[in-house]
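Notes for the one structure printed next.
The values are calculated or read from the model by the stated rules, or taken from the named source; none is laboratory data. Keep in mind that what you see is a predicted model, and the values were worked out from it rather than measured. Note: ideal-geometry Cβ built from the backbone for every residue, glycine included; neighbour counts use all protein chains shown.
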Amino acid sequence: MSPLTMLRKHRSVGDSDSTMRLRTTHVAIVVVALLASFLVVAQVRTEQQTRRLLGIPSPQLAELAYRMQREGHRRAELEAEIVLLRQRLAAIEAAGKNQRGLRAVSEEVRAYRLLAGFTPVVGPGIVIELRDNERRLQPGENPNEVLLHYTDLARVVGDLWAAGAEAIAINDERLAGTSGIECVGTTILVNRHRLAPPLRIAAIGDPERLPNGASGPGTGLSMLKAFGFPVRITRVRDLELPPYRGVMASAVAR
């Protein structure tokens, strides 16, 4: 084989390898471009769905999530501090029982703690179970129309207090004077804890009077029933409610 023939063959093989590498590069670029386009479309669709369902843009949702996480950490620290303070108070009360001058004070403190919700309580009462409306939405209907909202919960609790309830807890979150029933989007917050249906409202009081006062005409429960929300009321002889685990207003202010 002549040197010229060998040179031509070498150039042909080299040109083929370069063409293959060029094609591979082009394919990789096309794949990356398609993947990037898919991610952009997915992000746009997510943003549109978020705005349509909640009316809140995604950046604000991220900010709310960050704030809730930060408040959750702060709340955990405060709850741990409350546990320590309660242990110290219990030790002081135990020491005061053996002293005449402090016995009356100890009893008074115990009564105030019970009223404030700082101690567990047992007694007769009722349990109310609430769920979201189970009916199927029609095209164009607002999803909020079949969801329980914090306003529904607050109205039921108000009716229970008015009916003579002595203590109330929602999903084991004891209500106290500083308790708040709020919402973030479609999430219900009680004592800054996120709750989701089914919701269990336990109230200690007269088991004969509470059901009538809570579900009579014009009450929150009667309105929920009228709009098809599942409502169940059960009388309980020995109902036990946990203590309030939140923080007092003065602690939050600090």
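This table checks each residue for (1) assigned to a loop (DSSP other than H, G, I, E, B); (2) modelled with pLDDT of 90 or more; (3) of a type in the set (Val, Ile, Thr); (4) not assigned by TED's automatic domain parsing to the domain that holds residue 79.
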{"site": "169", "(1), (2), (3), (4)": "no, yes, no, yes"}
{"site": "179", "(1), (2), (3), (4)": "yes, no, no, yes"}
{"site": "182", "(1), (2), (3), (4)": "no, no, no, yes"}
{"site": "200", "(1), (2), (3), (4)": "no, yes, no, yes"}
{"site": "239", "(1), (2), (3), (4)": "no, yes, no, yes"}
{"site": "244", "(1), (2), (3), (4)": "yes, no, no, yes"}
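Per-residue answers, yes or no, for (1) surrounded by fewer than 16 Cβ atoms within 10 Å (Cβ to Cβ); (2) touching a residue at least 12 places away in the same chain (Cβ under 8 Å); (3) of a type in the set (Asp, Glu); (4) assigned to a helix (DSSP H, G or I):
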{"residue": "107", "(1), (2), (3), (4)": "yes, no, yes, yes"}
{"residue": "110", "(1), (2), (3), (4)": "yes, yes, no, yes"}
{"residue": "113", "(1), (2), (3), (4)": "no, no, no, yes"}
{"residue": "122", "(1), (2), (3), (4)": "yes, yes, no, no"}
{"residue": "125", "(1), (2), (3), (4)": "no, yes, no, no"}
{"residue": "128", "(1), (2), (3), (4)": "no, yes, no, no"}
{"residue": "136", "(1), (2), (3), (4)": "yes, no, no, no"}
{"residue": "141", "(1), (2), (3), (4)": "yes, no, yes, no"}
{"residue": "155", "(1), (2), (3), (4)": "no, yes, no, yes"}
**Prompt:** For the subset of the stretch 217-230 comprising residues that are surrounded by fewer than 18 Cβ atoms within 10 Å (Cβ to Cβ) and farther than 20 Å from residue 165 by Cβ, which member is farthest from the chain's Cα centre (by Cα)?
**Reply:** 226
**Request:** Would you check if residue 214 is crowded, with 19+ Cβ neighbours inside 10 Å, in contact with an Asp or Glu (Cβ under 9 Å, 6 or more places away or on another chain), among the small types (Gly, Ala, Ser) and not in a strand (DSSP E or B)?
**Result:** yes
**Number of the exception - residue 225 against (1) more than 30 Å from residue 79 (Cα to Cα); (2) not in a helix (DSSP H, G or I)** = (2)
**Prompt:** If you go through the stretch 182-209, how many residues are more than 14 Å from residue 68 (Cα to Cα), surrounded by 21 or more Cβ atoms within 10 Å (Cβ to Cβ) and among the hydrophobic types (A, V, I, L, M, F, W, C)?
**Reply:** 4
